[in-house]
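Since the structure comes first, as structure tokens, the remarks are kept for the end.
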Amino acid sequence: MNTTLTGKSTAALTEAGPLRVTLVVGSNRHGRFGPVVADWLLGRLRDRDDIVADVVDVADAELPTSFEPTPEATAALSGITPKLAGADAFVVLTPEYNHSFPAGLKNLVDWHYGEWRAKPVALVSYGGLAGGLRAAEHLRQVFAELHAVTVRDTVSFHNAGASFDDEGALRDPAGPDAAAKTMLDQLVWWGRALREARQKWPYGG
């Protein structure tokens, strides 16, 4: 049975209802590897009874970089914004491109503001030798500006393509599974604490 950082049982946690977590898949690059990591990550989210997961995929978001509220942009946002606004917490999955995270992910983030405020964000990254960690560190700065809280622990895949077999399964799941549990335990703690705080004291930052 999963436990929180304080050792309480999942049954005790769910008295307040499961945490609504939106997974943001941050790559829209042709031939991207992201869906392989996203499928594994969704499995970890859905294994827990203290989380209800939803997905926003940057590849499905036809959002202009001009931030012009065109009919096309409005239509795209109608499938994205409610999933962000209704979330208690987020997991953002990012590759690393040129020492940072993708432009498509930044564009989706920048189309929103209040949806991120006073909510926690967990970061999962993948890449070559650096494992996407530089992209994750840049995202911490962005989310701090948006009044979101990034959790301390992350999950990163170094040489990600070699970490998964041809069927999309991890060759050695022990380490990533343990890292994901630690990260999600932290996300649940912060998510519940901030959800209660927002209900009692509306965030005015």
Inset, instruction - Can you tell me which residue among Thr14, Thr4 is under 30 Å from Ala197 (Cα atoms), at pLDDT below 95, open to solvent by 30 Å² or more (accessible area, probe 1.4 Å) and more than 14 Å from the chain's Cα centre (by Cα)? - result: Thr14
Inset, instruction - Might you check whether a residue that is hydrophobic (A, V, I, L, M, F, W, C), at positive phi and without any contact (Cβ under 8 Å) to a residue 60 or more places away in the chain occurs anywhere in the stretch 65-82? - result: yes
Legend entry - Listing of helices (runs of 4 or more DSSP H) fully contained in the stretch 22-92 that carry 3 or more residues being under 27 Å from Ala179 (Cβ atoms): 34-46
Legend entry - Condition broken by Ile80, with the remaining ones in (1) β-branched (Val, Ile, Thr); (2) surrounded by fewer than 20 Cβ atoms within 10 Å (Cβ to Cβ); (3) modelled with pLDDT of 95 or more satisfied: (2)
Inset, instruction - Please work out if Arg171 is open to solvent by 30 Å² or more (accessible area, probe 1.4 Å), among the basic types (Lys, Arg) and free of Cβ contacts under 8 Å to residues at least 60 places away in the same chain. - result: yes
Inset, instruction - Could you tell me whether Leu146 is more than 13 Å from the chain's Cα centre (by Cα), surrounded by fewer than 22 Cβ atoms within 10 Å (Cβ to Cβ), under 27 Å from Arg20 (Cβ atoms) and not hydroxyl-bearing (Ser, Thr, Tyr)? - result: yes
Legend entry - Top-ranked residue in the stretch 84-136 [being among the acidic types (Asp, Glu) and under 14 Å from the mean Cα position of the chain (by Cα); ranked as surrounded by the most Cβ atoms within 10 Å (Cβ to Cβ)]: Asp88
Legend entry - Pair list, Cβ < 6 Å and 6+ apart or interchain, from the stretch 131-158 residues that are on the phi > 0 side of the Ramachandran plot to residues that are surrounded by fewer than 16 Cβ atoms within 10 Å (Cβ to Cβ) and not basic (Lys, Arg): Gly131/His158; His147/Gly205
Inset, instruction - Kindly check whether there is at least one residue in the stretch 179-189 that is open to solvent by 10 Å² or more (accessible area, probe 1.4 Å), aromatic (Phe, Trp, Tyr) and within 24 Å of Val52 (Cβ to Cβ). - result: yes
Inset, instruction - Kindly list the number of the only condition in (1) without any contact (Cβ under 8 Å) to a residue 60 or more places away in the chain; (2) under 23 Å from Pro173 (Cβ atoms) that fails for Ala85. - result: (2)
Inset, instruction - For residues that are open to solvent by 30 Å² or more (accessible area, probe 1.4 Å) and β-branched (Val, Ile, Thr), tally how many sit in the stretch 34-69. - result: 4
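The values are calculated or read from the model by the stated rules, or taken from the named source; none is laboratory data. All values derive from a computational prediction rather than experimental measurement. No Cβ is skipped: glycine too gets one built from the backbone with ideal geometry, and neighbour counts run over all protein chains shown. To get the accessible areas, we keep the full protein, side chains included, count just its heavy atoms, and leave off ligands, DNA and RNA. Shrake-Rupley method; radii C 1.70, N 1.55, O 1.52, S 1.80 Å.
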